[in-house]
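Novice: Submitted below is the structure of interest, expressed as structure tokens.
The values are calculated or read from the model by the stated rules, or taken from the named source; none is laboratory data. What you see is a predicted model; the values in this text were computed from it and never measured. Note: ideal-geometry Cβ built from the backbone for every residue, glycine included; neighbour counts use all protein chains shown. Surface areas here come from the heavy atoms of the whole protein model, side chains and all, with no ligands, DNA or RNA. Shrake-Rupley method; radii C 1.70, N 1.55, O 1.52, S 1.80 Å.
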Amino acid sequence: MNLNEQPPAVSAINGISRRDVLRGTAAALAVGGMAKAGFAQAASASAAENGKAFPGRFLWGCATAGHQVEGNNTSSDFWTLEHLPQSMFKEPSGDACDHYHLYAQDIAMLADLGFNTYRFSLEWARIEPEEGFFSNAELEHYRRMLAACQEHRLTSLLTYSHFSVPLWFAKKGGWQNPGAPDLYAHFCEKATKHLGDLVGYASTLNEPDIPQLLDWFNLPGAPQGMSVAQMMQMAQGNVRKQLNAPEFADFFLGDPVKTRDGLLAAHAKGRDAMKSVRPGMPVGFNLAMSDDQPAPEDSHLEEKRADVYGPWLEAAKHCDYLGVQTYSRSIVGKRDLPAPQGAELTQNGMEFYPECVEHVVRFAAKETRVPIYVTENGIATEDDTRRVEYYRRALAGLKRAIDDGVDVRGYVAWSLMDNFEWQSGFTPKFGIVAVDRATQRRTIKPSAAFLGNIARRNAL
Ligand code: BGC
């Protein structure tokens, strides 16, 4: 099949059209040359024979995060920051993908495409919009989402905190506040009491190492050679003034060391709170990891690893699993160096480097010895043929690692749909499904077909 051929759209406005999704899936199957489930099974058997099969019970999924897709997350820190007169955001999140209302059809679409897993997150700001007030109605909303996953036989990977926090929490100093770990653990306990029985895998935090990672990041054109972390700290000063909130801090805006220490304590207390409610629930977290490679001269690679990942790899040893999230590589000199001359860059300026998946899972597994799940991987591009190529190479690399005995048990693509990419607004396109934000119409891209077909067959 020609990968440029457009599969049909899914109308989100008039309710889900399962026929459309199934037609889209048929296109998906055709990408791999399979048209029917029966063939898929046969293919799986032959794939096993020729060594293309992934391990049994492998999780194949897509991820989203509440604030990026739900829309109208009005009690959160991000919503407020997006609407400041001197906002750092390209545009506000607004209705986003209205996943808050359209989750049922989105989850059905994911299952119909061939996946068996959905990773999504809670919005703490909805559940506890004012300190100490927990909304049962909002908890019920997430319960319905988890039930929809069950109905479609999807394993749920539930992230309790994906960057955004309640505004009241940020105004009290966010993760830097010495009381933050207890406030977070209280939320974790409440949420687990209400939802825990339906959760497949819980994650305390999404990418808690970002404050450190940003400090190593190469940002071409940064004023006076400032690091991203320094720029964030400057932005924090402006936000505090504009909001007249002298303690304001959140995931990105704050002192990186204090934030890290707060997040480490919040992770430990959050995990204990979850386990106190449901001891058998698998709990881990999702670590942002670049495929770090040494520069030919003056490489500080080991220093970077110790600084960024060190404490978190240690924390992972006390978890049931580690989720790793990777997008590209970094050539590490004194800091990360710019991508090599002539390298293909993705829409958000990263090097097109799908082999990062293989390298990162090998490293993470060796360091932690816990089961590894790839919980985010993908690229920002308008050209879906490049996305297909990226996933093809990423999965070939993942398979090499698994064949060498690396204990990887799942692969979750970022992202199910084009969504709100934080400061960059809706411009970068990470989705395997396109979203027309005026109509909320979903259109399945060829990459969804490509990945869904692999998921269905559990084989390359
Ligand atoms: C985050 C996502 C983000 C993605 C692409 C990850 O760091 O968890 O929220 O959209 O990368 O930039």
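Novice: Taking into account only those residues within region 370-383 that are open to solvent by 10 Å² or more (accessible area, probe 1.4 Å) and among the hydroxyl-bearing types (Ser, Thr, Tyr), which is nearest to the ligand (Cβ to nearest atom)?
Specialist: Within region 370-383, the match that is nearest to the ligand (Cβ to nearest atom) is THR381.
Novice: Suppose we filter ASP261, ASP209 for residues that are out of contact with any strand residue (DSSP E or B) (no Cβ under 8 Å at 6 or more places or on another chain) and buried (at least 17 other Cβ atoms within 10 Å of the Cβ); which single one remains? Outline the logic, then answer.
Specialist: Working: ASP209 fails: out of contact with any strand residue (DSSP E or B) (no Cβ under 8 Å at 6 or more places or on another chain).
The conditions single out ASP261.
Novice: For region 407-416: of the residues being in a loop (DSSP other than H, G, I, E, B) and under 19 Å from ASP112 (Cβ atoms), which is farthest from the ligand (Cβ to nearest atom)? Don't jump to the end; show me each part of the working.
Specialist: To start, the set of residues in region 407-416 that are in a loop (DSSP other than H, G, I, E, B) comprises 407, 415-416.
Filter again for under 19 Å from ASP112 (Cβ atoms), leaving 415-416.
Values: SER415: 7, LEU416: 12 Å.
Of everything passing the filter in region 407-416, LEU416 is farthest from the ligand (Cβ to nearest atom).
Novice: Considering only residues that are open to solvent by less than 10 Å² (accessible area, probe 1.4 Å), within 16 Å of the ligand (Cβ to nearest atom) and not in a helix (DSSP H, G or I), which ones fall in region 329-369?
Specialist: Within region 329-369, just PRO354 meets the criteria.
Novice: Let me ask another. Of the residues that make up region 226-236, is at least one at pLDDT 95 or above and open to solvent by less than 80 Å² (accessible area, probe 1.4 Å)?
Specialist: We begin by selecting, within region 226-236, every residue at pLDDT 95 or above; these are 236.
Cutting the leftovers down to open to solvent by less than 80 Å² (accessible area, probe 1.4 Å) gives us 236.
Checked region 226-236: at least one residue is at pLDDT 95 or above and open to solvent by less than 80 Å² (accessible area, probe 1.4 Å).
Novice: I would also like to ask the following. Residue under question is SER135, and the condition is that it be within 16 Å of the ligand (Cβ to nearest atom) and among the small types (Gly, Ala, Ser); does it hold? First the steps, then the outcome.
Specialist: Values: within 16 Å of the ligand (Cβ to nearest atom): no; among the small types (Gly, Ala, Ser): yes.
When the stated conditions are applied, SER135 does not pass them.
Novice: Looking at this structure, is PHE163 under 26 Å from PHE420 (Cα atoms), among the aromatic types (Phe, Trp, Tyr) and part of a helix (DSSP H, G or I)? Quick ask: steps written out before the conclusion?
Specialist: Numbers: under 26 Å from PHE420 (Cα atoms): yes; among the aromatic types (Phe, Trp, Tyr): yes; part of a helix (DSSP H, G or I): no.
No; evaluated as a whole, the condition is false for this residue.
Novice: Out of the residues in region 417-434 meeting the condition of being hydrophobic (A, V, I, L, M, F, W, C) and within 10 Å of the ligand (Cβ to nearest atom), tell me which one is surrounded by the fewest Cβ atoms within 10 Å (Cβ to Cβ).
Specialist: TRP422
Novice: So which of ARG456, ARG386, ARG437 ends up being crowded, with 18+ Cβ neighbours inside 10 Å, farther than 30 Å from GLU367 by Cα, away from the ligand (no atom under 14 Å from the Cβ) and in contact (Cβ under 8 Å) with a residue 24 or more places away in the chain? Show your work before the answer.
Specialist: Numbers: ARG386 fails: crowded, with 18+ Cβ neighbours inside 10 Å; ARG437 fails: crowded, with 18+ Cβ neighbours inside 10 Å.
Going through ARG456, ARG386, ARG437 in turn, the sole match is ARG456.
Novice: Enumerate the pairs (first residue in region 297-319 and over 19 Å from ASP261 (Cβ atoms) and among the small types (Gly, Ala, Ser); second residue anywhere and open to solvent by 10 Å² or more (accessible area, probe 1.4 Å) and not in a helix (DSSP H, G or I)) with beta-carbon separation below 6 Å, excluding pairs fewer than 6 apart on the same chain, so at least 6 apart or on different chains.
Specialist: none
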